[in-house]
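What follows is a single structure, and I will ask about it in a moment.
The values are calculated or read from the model by the stated rules, or taken from the named source; none is laboratory data. Small disclaimer: the values here were computed from a predicted structure and weren't measured. Reconstructed Cβ throughout: ideal geometry from the backbone, glycine too, with neighbour counts over all protein chains shown. Side chains are part of the model used for accessible areas, which takes the heavy atoms of the whole protein and leaves out ligands, DNA and RNA. Shrake-Rupley method; radii C 1.70, N 1.55, O 1.52, S 1.80 Å.
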Amino acid sequence: MSVFLAKRFATFVATMLGASIVVFLVLEILPGDPAMVILGPNADEDAYVALAKQLGLDRPMFERYVDWIIGLLTGNLGISYAYSVPVWDLLLERMALTVPLALIAMVMSTVAALVLGVYAASRHNKPGDYGVMAFSQLGIAVPNFWFGILLILLFSVYLRWFSSGGFPGWEEGVWLALKSLLLPAVALATVQTAILARTTRSSVLETSREDYVRTARAKGLNASATLWRHVLRNALIPVITIMGLQFANLLAGTIVIENVFYLPGLGRLVFQAIANRDLVVVKDVVLFLAAMVIIVNFLVDLAYA
C-alpha cells in the first residue's frame, strides 16, 4: 500500500509540474503586452519601460517562471495588474462561490446518476430502462449553457421562483446564497448526470453477470440485497473514474455558466483577467483549476484501494 501511495504521489507532483510549465509557456507566447494594455497605446516610453520593469517583463523567461513557482509554494501569488490587490485575496473571494457551486453540482449529478443507473440496470430492456437512456441521450446532447438559459426563462422570467443571476454573498444568509446557486448547479449537473448514469447502468449490468453474484443469489439473497450489497460496490470502480474526470468538466463548465448567470466566481474572474491581459491572475487561476482537477484524480486513485 505504501508503494502504491508513493507512486501515486510522485505522479501527482510530476503532473503538477508539467501543468505549471504548460500554463506558463502558453501565456508567454500569447500576443499582447500587459504593460501596454495597462497604460494604453499612447503611453509615454519612459512610463512603459518603468512599468515593464516593475512587472518583471524585462527579465528572462526562465527566471520569471522560477520566481512564479517559488511564489506559489510560499503563498505569494503576486499582485493583480487590473485590480491592484493580491491575487490570493481574489482567489479566496471567488473560491467561496465556485467551489460550493462545483460541489453542489457534483453531489447532484452523483446521487441522481447512481439512482438512475441502478434503476435502469434493474429494469434492463424494460420501459424504465428505455426512459433513462432517452433522458441520458438528451442530457448529453444539450449544451449546459443553453440549458441554463432555458432554466432562467422558466424559473426566473415566467415562474419568478429564482433570480436570473447574481450572488448575494454568504453573509446575506446560507439559504439565499444556496438558492442563487441552485439553477447554475442544475445546469452544470445535467450533462454530468447523463454521462454518469449511462456508465453506472453499463457497469452494474456487467457486474451482475459475474459468478459471485449468481452464487450470492443461489445462497438465498434476494435481488435487492444482491444489487446493493454486492453488485453496486464492485461496479463503482469505473464509475469513480468517470466522476474524477467529470470534476474537470464541472470546473471548466463554471467559466461559461458563471457568465450566463452573472456569478462572481473563478470562471468569471479568469474571463475578465483574459480580457484585461492580467497574466498574473490568469496564470494563478488556471493553475489553481488544474491543481483541483489533479488533486481530485489523485484522490480517485486512492479511492480505488
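Would you be able to tell me the number of residues in region 139-149 that are open to solvent by less than 50 Å² (accessible area, probe 1.4 Å) and part of a helix (DSSP H, G or I)? Don't jump to the end; show me each part of the working.
Residues of region 139-149 that are open to solvent by less than 50 Å² (accessible area, probe 1.4 Å), as a first pass: 139, 142, 144, 148.
Then drop every residue that is not part of a helix (DSSP H, G or I), which leaves 139, 144, 148.
Qualifying residue count, region 139-149: 3.
Just name the residue that is farthest from V270 (Cα to Cα) out of those in region 82-138 that are open to solvent by less than 80 Å² (accessible area, probe 1.4 Å) and β-branched (V, I, T).
Within region 82-138, the match that is farthest from V270 (Cα to Cα) is V118.
Another one. With the requirement that a residue be free of Cβ contacts under 8 Å to residues at least 12 places away in the same chain and under 18 Å from the mean Cα position of the chain (by Cα), what does region 125-142 give you? Lay out the reasoning, then the answer.
To start, the set of residues in region 125-142 that are free of Cβ contacts under 8 Å to residues at least 12 places away in the same chain comprises 125-128, 130-131, 134, 141.
Correct list: empty.
Within region 250-263, which residues are hydroxyl-bearing (S, T, Y) and open to solvent by 10 Å² or more (accessible area, probe 1.4 Å)?
Taking region 250-263 and keeping what is hydroxyl-bearing (S, T, Y), we get 254, 262.
Of everything in region 250-263, just one residue is hydroxyl-bearing (S, T, Y) and open to solvent by 10 Å² or more (accessible area, probe 1.4 Å), namely Y262.
Given the condition open to solvent by less than 30 Å² (accessible area, probe 1.4 Å), under 26 Å from A14 (Cβ atoms) and touching a Gly at 6+ places or on another chain (Cβ under 7 Å), answer yes or no: does some residue in region 264-282 qualify?
Within region 264-282, one or more residues are open to solvent by less than 30 Å² (accessible area, probe 1.4 Å), under 26 Å from A14 (Cβ atoms) and touching a Gly at 6+ places or on another chain (Cβ under 7 Å).
Now for a separate question. So, of the residues in region 70-81 that are more than 20 Å from I21 (Cα to Cα) and not hydrophobic (A, V, I, L, M, F, W, C), which turns out to be least open to solvent (accessible area, probe 1.4 Å)? If you could, list the steps in order and put the result at the bottom.
The first filter runs over region 70-81 and keeps only residues more than 20 Å from I21 (Cα to Cα), leaving 79-81.
Adding the requirement that they be not hydrophobic (A, V, I, L, M, F, W, C) leaves 80-81.
Values: S80: 3, Y81: 40 Å².
Here the answer is S80.
Filter region 59-75 down to residues that are within 24 Å of the chain's Cα centre (by Cα) and assigned to a loop (DSSP other than H, G, I, E, B), then give me how many there are.
Total meeting the criteria: 1.
In region 140-174, what residues are aromatic (F, W, Y) and closer than 13 Å to P100 by Cβ?
Those that are aromatic (F, W, Y) and closer than 13 Å to P100 by Cβ: F167, W170.
Please pick out the residue among L17, L55 that is out of contact with any Asp or Glu (no Cβ under 9 Å at 6 or more places or on another chain), of a type outside the set (G, A, S) and either modelled with pLDDT under 75 or surrounded by 14 or more Cβ atoms within 10 Å (Cβ to Cβ) (or both). Steps first, answer last, please.
Numbers: L17 fails: either modelled with pLDDT under 75 or surrounded by 14 or more Cβ atoms within 10 Å (Cβ to Cβ) (or both).
Answer to the selection: L55.
So which residues in region 156-176 are open to solvent by less than 50 Å² (accessible area, probe 1.4 Å) and without any contact (Cβ under 8 Å) to a residue 60 or more places away in the chain? Break it down stepwise before answering.
We begin by selecting, within region 156-176, every residue open to solvent by less than 50 Å² (accessible area, probe 1.4 Å); these are 156, 162, 165-167, 169, 173.
S156, F162, G169, G173 - these are the residues of region 156-176 that are open to solvent by less than 50 Å² (accessible area, probe 1.4 Å) and without any contact (Cβ under 8 Å) to a residue 60 or more places away in the chain.
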